[in-house]
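The values are calculated or read from the model by the stated rules, or taken from the named source; none is laboratory data. Because the structure is predicted, anything quoted here is derived from the model rather than measured. Because the Cβ atoms are built from the backbone with ideal geometry, glycine has one as well, and the counts that use them run over all protein chains shown. Ligands, DNA and RNA are excluded from the accessible area calculation, which covers all protein heavy atoms including side chains. Shrake-Rupley method; radii C 1.70, N 1.55, O 1.52, S 1.80 Å.
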Amino acid sequence: MKVAIFGAGAIGGFLGVRLAAAGADVTFIARGPHLAAMRENGVTLKSNGESLTVRPRCLADPAEAGIHDYVVVTLKAHGLPAAAPSIAQMMGPQSALVTGINGVPYWYFYGVDSPFRDRHIESVDPAGKLWSVLPPEKVIGSVVYPAAEVTAPGIIEHTYGDRFTLGEPDGSRSPRAEAFSKLLIGAGLKAPLRPRIRDEIWVKLWGNLAFNPISVLTGATLDVIVAQAELRGLCRGMMLEAKEVAETLGVRFGIDVDRRIAGAAEVGEHKTSMLQDLERGRPMEIDALLGAVVELGSMIERDTPLCRMVLALVRERARGAGCY
């Protein structure tokens, strides 16, 4: 079974090392100093006080990689449109695309029993180009829970988490999804296959759509946002607006809003990924995490005033920093 990891940074690198160590045929697609270091010294994963180094095939050009059974994409959502043609080069008629990307995915309405069936979402898929280049029937959805960081070229430090929840957009237990789940489990990872992958997408998104932009606007870490009454209240209000949108679209939340906030509080003094991107001058996941939620609200005629206001503010903050 051949697996390509496109965007073999922190999460992709973590997954790829674990798969390669378990004997899978893994190809990393990367670039720059990280690629050079992996080619020369292999890829080292540091986790739970242990260090593991593997030497998978590492390439810059996807055209050299050939066709793979699974192509795992762990880019941030805003990087996917530019990368889509390159990703498509590694996919044949039987290939599956595993999208380990935060936020509302471009394939969200693929095959759903809804008036919006097969509709593209402009915030994450302008003009439906992704839908065309990476057909949604190829997709296996994934919700990524591990936290990891590239601490030096070729070096990945895993902080916590080992679950990659999987799900076909149509809710089926397909042979391809079951096979990939078994592959991940064989690598020592948790990989449950869920019939309602959109529910899981929303539970993770639920906190990110509020905590991430608020952290950018305030510079506060997660523990401060949750402890400060006014900021916690703002996040809670945004989350309740999003919950109404999601439930109108058929999503079921297995936890309530206060339990979700409490879960974020347990993470402690943590800078959100969006705040880290701001500090490093990198593009931020604004549209996938919040812009798409506001767009979905407009589609179903549900007003989201708090989300809209925060979206306007964080977009302007990002523009001023050259990150949007």
Original post:
If we keep just the residues of segment 60-85 that are part of a strand (DSSP E or B) and among the β-branched types (Val, Ile, Thr), which is nearest to the chain's Cα centre (by Cα)?
Top reply: 73
Original post:
For segment 276-301, what are the residues that are open to solvent by less than 10 Å² (accessible area, probe 1.4 Å) and either among the aliphatic types (A, V, I, L, M) or more than 17 Å from residue 76 (Cα to Cα) (or both)?
Top reply: 284, 286, 288, 289, 290, 292, 293, 296, 297
Original post:
Could you say whether any residue in segment 100-118 is open to solvent by 70 Å² or more (accessible area, probe 1.4 Å), touching a Phe, Trp or Tyr at 6+ places or on another chain (Cβ under 9 Å) and under 20 Å from residue 198 (Cβ atoms)?
Top reply: yes
Original post:
Taking the condition of a type in the set (A, V, I, L, M), open to solvent by 20 Å² or more (accessible area, probe 1.4 Å) and within 30 Å of residue 245 (Cβ to Cβ), does residue 67 pass?
Top reply: no
Original post:
Which residue out of 39, 57, 18 is surrounded by 23 or more Cβ atoms within 10 Å (Cβ to Cβ) and farther than 26 Å from residue 124 by Cα?
Top reply: 18
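Got a sec? Which strands (runs of 3 or more DSSP E) wholly within segment 129-187 have at least 3 residues that are open to solvent by less than 10 Å² (accessible area, probe 1.4 Å) and in contact with a helix residue (DSSP H, G or I) (Cβ under 8 Å, 6 or more places away or on another chain)? Reasoning before the result, please.
On the way: elements: 139-144, 147-152, 155-160, 164-167.
The strands (runs of 3 or more DSSP E) meeting that bar are 139-144, 164-167.
Scan the helices (runs of 4 or more DSSP H) fully inside segment 207-270 and keep the ones with 2 or more residues being within 23 Å of residue 315 (Cα to Cα) and either among the acidic types (Asp, Glu) or touching a Lys or Arg at 6+ places or on another chain (Cβ under 8 Å) (or both). Explain how you work it out, then say what you get.
Values: elements: 222-227, 229-248, 257-267.
Those helices (runs of 4 or more DSSP H) span 222-227, 229-248.
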Subject >> Residue check, residue 27 touching a strand residue (DSSP E or B) at 6+ places or on another chain (Cβ under 7 Å), farther than 18 Å from residue 3 by Cβ and polar (S, T, N, Q) >> reply: no
